[in-house]
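Structure first, then comments.
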C-alpha cells in the first residue's frame, strides 16, 4: 500500500498545481538557479590550458578543475572537499534550515527553470490546468499533454547530456565520440528525470530525499524557518487586512509547490522555497502591512532574541575554517607532478666488473599540469656519499607520464651497511618531490661480504 501510494496508484495522490508568483525571494532564487546552470552547461565547454574547466575523468582517475589536474595521489583533497560539503550542509541548515532544497537542489532548480514554465506555456496557469485535468479526455487536453510530455523528454535528455558532459567531456559526448557506457548512463539519467518531471515531483522530496529525514537533527529553536505569524494573523477574516491580520486569501497555499498550508505550522514537506513569503507580501503590501509569512525562528516567535552565534553554529563554523585553511595550505604547497621509485623486479643488487655495486630502480614521473608545454624533470640523490647516479632528465608534456630506469652505483670499498636508506629528489620548474628508498650493498649481516 505504501508503494502504491508513492506511485499514485492508490487513489490518494493529489496533484499539486502551484500558481506562478513573483517577488524578492523568487529573484534571489533565480540567481542561484543561474549559478547551477552555468556550472552544468558552460563549465564543461570552457577550456583552460587546453583542458575543460570542469571534468571528472573516472577511467583515468583525474579531475580537471580551472586548469589544475588532480589525480588519485590527491585523494586528500577529495576527503577535505567531502568534509567541507558535509559541514557546510550542517552549518547552513543550522542557520537557515532547509535552504538547500529551496534554492540549490537540482530537482527544485530544474522544476522551476524548465518544467513549470513549459506547463504554463502549454496548459496555462494553476486554474486552467486544474480545470482541464478535472474534465474527461478531450482533443484539447490530449494534444497539450502530448506536447508537454515530449518537451519534458527533450529537457530530460538535455539535462542528462549536460550532467554526463562533466564526466565524459562535452565535445566527445555531443559529437558522438564518447564510450558506450557514457551513452548508457545518459539513457538512465534521461529516464530518471523524465519520471521525476512527469510523475514524481514533490513526492521525491517527501518520500525519498534523506535530507528531509535528518534535517530535524540539524536544527534548533534558533534556526531560521519559513513560518506564519500566528499571533498577528489569527483569527482569519476577510476584513482584517488593514489591521495586518490574515484575510484567508489562500494565496500562500496555492503557490506552494509541496501542496501544504504554511499556516498549519512547520511541516516536513516544506522546502523553504519562500514562494509563500512572496505571495503573502504581494497581498499585505496592499494594506501597507508587513507579510504574515516570513523567515523566523521558534525562539523569535516565543519572544526571545535571535542568536545567530551559538555553540552549534560556532562549532560548524570553526570546522569549516580549519578545513578551508588546510585546503588552502595544501593547494599552495602542492606540486603539480607525481613521482614514484620502485626497485626493478628480479634483483636486489648486482656487482659490476669494475667493483661497483649496482642497484636498478624504475622511476615513474607523471606531469599533472594542464598546460600543453613540456616540463623537464631533473633527478638527484642524497644520503649515500660517493654514489654514482645513472639517469637522464625527463621531458613530459601535460598529462603525460613515463617510467625510466635509474641506476645507482656504489664502490665496494665504501663503508656501508647491508641496507642503506637514501632519497631521490625529482625537481622541475614547478617544485620538488623527495622520495625515500633503500640501496642494497650485499654485505652480510655480520658485516663481511
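Just so it is clear, none of the values below were taken in a lab; they were calculated from the coordinates. Keep in mind that this is a model prediction, so the values were computed, not measured. With ideal geometry, Cβ positions are generated from the backbone for all residues, glycine too; neighbour counts draw on all protein chains shown.
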Nearest 0.05, what FRET efficiency do residue 287 and residue 250 give at R0 = 22 Å with Cβ-Cβ as r? 0.85
To the nearest 0.05, how large is the calculated FRET efficiency for residue 314 and residue 83 if R₀ is 25 Å and r is the Cβ-Cβ distance? 0.90
Points 7 angstrom from Cα along the Cβ direction at residue 364 and residue 175: gap in nanometres? 3.0 nm
Tilt relative to the chain, helix 75-96 - C-alpha long axis, 0 to 90 degrees, to 10: 20 degrees
Tell me whether the range 257-300 comes out rounded, prolate or oblate; compute the Cα gyration tensor, take square roots of the eigenvalues as a ≥ b ≥ c, and use a/c under 1.5 as the rounded threshold. oblate
Gyration tensor verdict on the range 337-440 (Cα atoms; rounded if a/c is under 1.5, prolate if a/b is larger than b/c, oblate otherwise): prolate
Rounded to the nearest 0.05, what FRET efficiency is calculated for residue 140 and residue 113 with R0 set to 41 Å and r the Cβ-Cβ distance? 0.95
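Relative contact order of the range 115-188: what whole-number percent is it, with Cα pairs under 8 angstrom and at least 6 residues apart?
Numbers: 31 pairs, mean separation 17.8, N = 74.
Relative contact order of the range 115-188: 24 percent.
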Pick from 45, 199, 121 the residue whose mean-square fluctuation is largest in a GNM of the chain, springs joining Cα atoms under 10 Å. 121
For the chain, what is the calculated [θ] at 222 nm in deg cm²/dmol (nearest 500), taking -39500 (n - 2.57) for each run of four or more DSSP H residues and dividing by its residue count? -11000 deg cm²/dmol
Among rounded, prolate and oblate, which fits the range 38-105 when a ≥ b ≥ c are the square roots of the eigenvalues of its C-alpha gyration tensor, a/c under 1.5 means rounded, and a/b larger than b/c means prolate? oblate
Taking only Cα atoms, what is the 0 to 90° angle, nearest 10, from helix 311-333's long axis to the longest principal axis of the chain? 40 degrees
Distance from the range 240-257 to the range 79-152 (C-alpha centre basis), Å: 23 Å
Mean-position separation - Cα centroids, the range 326-340 and the range 175-199, in angstrom: 36 Å
Using Cα extents along the principal axes in Å as the read-out, say which of (i) 66, 58, 41; (ii) 59, 59, 42; (iii) 107, 57, 43 was calculated from these coordinates. (iii)
Let me have the relative contact order for the chain, percent, based on Cα pairs under 8 Å that are six or more residues apart. 15 percent
May I ask for the angle, rounded to the nearest 10°, between helix 24-37 and the longest principal axis of the chain, with both axes built from Cα atoms and the value confined to 0 to 90°? 30 degrees
